[in-house]
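Structure, as structure tokens:
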Amino acid sequence: MSEKNEVLNLLKLLDEAGELELEDVTIEAEELAIEFLPVIMQTLVRAAPEAAVALKKVIELKVEKFEPPVFKYPGSIAEVQIGATRAEGGTRGKVIRIGGETCPPFYRFESLPKNRPVVALDVFDQPVVPLAGPVKSAYKDVLNDPAEWAKKAIEVYGADFVSLHLVSTDPTIKDTPVQEAAKAVERVLQAVDIPIVVGGSGNPQKDLQLFQYIGEMTVGERLVFASATIDMNLEEVAKIMKKTGHNVIALAFMDINQAKELSRKLLDGGLPKDHLILDPTTGALGYGIEYSFSLMERIRLAGLMGDEVLQAPISCAATNAWAAREAWMKVDEWGPREYRGPLWEATTAIVGLMAGADLFMMMHPLAAKIVKGLAELLSKPKLDVKLEEVNYKDWVKMRV
């Protein structure tokens, strides 16, 4: 039987079939078009091909113009400035602004984003153990020098700014005095001219000392300090930030009521509203990210609906993705860690981006590049392709 006859027989068989189920079939073709016809069209094709052609011209998708509903929200998110130029009393070459939203994330039909979400790459004041292999590989030549580490994050990897973590101050690690740890902050500020985040070790007593000393040392720079937690003296934190003019991240642990309590105590203590950033905690992809998404979304919507204590930009520590074993464990069936880990971190961050996060602390440069690129695209004043240009009318056809 000729190849042509085989094709004709196959087409006839397909035409007569009421249902078609394929199993273990490989189709090799340069182009394959599949078209789904209504039942009435199938019947006419068999009975009266000429009538079917005429009816096919009549049966077309009715194009309806969709106008998305536009809602005006009673509240808005405070805009926070990070960094200060010389004219503003600091030494930074540029400043970063986050927040300022008047609608849910990327509701471009209601209003364009006032400020693009920004990405900071983590820097540590000492080599961190453990550190995931793909991350360590990216910074292997600068792990012992936080200033060079920061320069590489900005100049080579294109981060918006850096988050410097003074982990050596932890009493269970080196218990470095804050005066000694402050030298790393000075060196980083001299190495780069962008704003920075200064993080402590998580010890509430030591971190409060760190906020006090480094805050007074860098008056006018308008840095971000991370983080104020529920077990700290929040009245004292607010007093320090108000006096020195810095910003602070309030870290709540997966609890919107705790986030409200933190925010309220800091604001009641005198912290200006435009110096507060909320971090509801970010669970890694597969390890609680759905809770983080829900919490970020609730915080953002509550702020827009008028809850003043929740009208703050949101911070997302996507670095927590590296706690997931899928990000770093060497398992051949899971694919190479060099790509899997960064993609795990990037996906974790993108979930936060969709929920309304404004500031991302990240670790791997590839993950940071992916998230920054997406944030830039979604925040553009004008998109390259209009939705009207997308050929959605041919949804009943597909090309493989």
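Derivation of every value follows stated rules applied to the coordinates shown; laboratory data play no part. This structure is a prediction, so every number in the text was calculated from the model and none was measured. In this analysis, Cβ positions are derived from the backbone assuming ideal geometry, glycine residues included, and neighbour counts consider all displayed protein chains.
Quick notes on this structure:
- For the range 79-378, the extents of the C-alpha atoms along the principal axes are 54, 48, 36 Å, listed from largest to smallest.
- Each peptide in 371-377, 150-156, 121-127 was scored by the mean count of other Cβ atoms within 10 Å over its residues; highest first, the order is 121-127, 150-156, 371-377.
- Using R0 = 41 Å, the C-beta based FRET efficiency linking residue 382 and residue 216 works out to 0.40.
- Counted charge near residue 346, where neighbours are those whose Cβ lies closer than 12 Å (Asp, Glu -1; Lys, Arg +1): +2
- If you take all other residues with their beta carbon under 11 Å from the beta carbon of residue 101, and give Lys and Arg +1 and Asp and Glu -1, the sum is -1.
- FRET efficiency for residue 183 and residue 31, using Cβ-Cβ distance with R0 set to 41 Å, rounded to 0.05: 0.05
- Under the combined filter of DSSP loop state and at most 15 neighbouring Cβ atoms within 10 Å, the range 203-308 retains these chymotrypsin sites (Phe, Trp or Tyr not before Pro): 253.
- Each Lys or Arg adds one and each Asp or Glu subtracts one; over the other residues with Cβ under 9 Å from the Cβ of residue 85, this totals +2.
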